[in-house]
Amino acid sequence: MKLKQIIISILAVLFVFPLMGTFAQQAASSGSIEVITTFDYPGTGNSTLPQKINERGDVVGEYIDSNGVARAFVRFSDGSFSDPIVDPNDTVGFTEGRGINNSRTIAGDYVISDGTLHSFFLSGSTFTEYDVPGTVQTNLLSINDPGDFTGGFDPDGSGVFQAFVSRCGTITSFSVPGSLSTFAYEINNNKKLVVGYFIDAAGILHGYYRDAHGALHFPIDPPGSVGTILFGDNNRNWVVGRYADSSGVTHGLFFTAPNNFFTFDYPGSTFTSLNGINAQGFICGRYGDPSMPGIAHGIIARVRGTPPTKAARPEMKAHNSRSAR
């Protein structure tokens, strides 16, 4: 796959909806999502894209500088930042931080000169390169406290990805039937829920979840959605993500199985994405700056009470579980 194609593919996940709602919080007595703080990775012109948050409150993500170079980072629970994280094999200026657990092991990905996507684990200052055996591209997207991890892989270089989950060292791959690509964005610590998204035959994104029995539940789409992604989950089976509507507004999404959702919009912005949630209900995500198109700012928010949810579209179910070879 060409370098331009793979970077466009990755950025489609990061910026698939315009980077630009109304504030949809409910009264605190009925449950709400409340913003605690906003943040930016230090430096002029950086766009900040948080990805996951661990139980300690550390956030992993990436920032994109004014030259379009992507670097991973950690925002620690005390508000300080790591130095830019760059995989040693990144030759094109594209390293992402995707997952972090309580031991601060980071899962991420990077691109090399031939345009293919590969992945790594980072523990302390030690990088361990990772690709699903026998595949051309691997996209690591999360790691939990027991050391299980999820992502997607391209077996033949076609750019068509299958989702996978590694539990106790055993890799299981799966795809939503009929999808062009499927990605597994996170597995919670109790190993009961995997969430992610798939691309259908028309190129539309939809959320899904995979339960503890291996059943796939899909599509997960709030009414009016023209594209839905589920990014993160916790041990309460609370799920966060985002969806876009036909007017071009992208909303943060709080979801509980089987089909209930709550919409959250950062005040004054028409782009909100909720990307990770921990067991305490702390959420990391980002919003688009309406005064600076293309610039995103990080947010940390918290679920208070139980947000009032509405029914999503009826879901489908299918069993589709096979081991990667």
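The values are calculated or read from the model by the stated rules, or taken from the named source; none is laboratory data. Keep in mind it's a predicted model, so treat the numbers as computed, not measured. Don't worry about glycine lacking a Cβ; one is built from the backbone with ideal geometry, like all the others, and counts go over all protein chains shown. To get the accessible areas, we keep the full protein, side chains included, count just its heavy atoms, and leave off ligands, DNA and RNA. Shrake-Rupley method; radii C 1.70, N 1.55, O 1.52, S 1.80 Å.
Of the options (1) 33, 58, 9; (2) 31, 51, 18, 0; (3) 36, 61, 3, only one is P(r) over Cα pairs in 20 Å bins from 0, in percent as computed from these coordinates, and that is (3). Heavy atoms of the protein chains alone define the surface here; on that basis the chain has 37 Å² accessible area per residue at 1.4 Å probe size.
Taking packing as the residue-averaged number of other Cβ atoms within 10 angstrom, the listed peptides 135-145, 59-69 run from highest to lowest as 135-145, 59-69.
Net charge of the neighbourhood of V136, taken over other residues with C-beta under 9 Å away and scored Lys/Arg +1, Asp/Glu -1, is -3.
Of interest is the spacing of the C-alpha centroids, which for region 211-240 and region 37-104 amounts to 25 Å. Spin-label model, I112 to A279: label points 7 Å out along the Cα-to-beta-carbon direction sit 3.8 nm apart. The fraction of accessible area contributed by carbon and sulfur in the chain is 54 percent, rounded to a whole number (1.4 Å probe; ligands and nucleic acids excluded).
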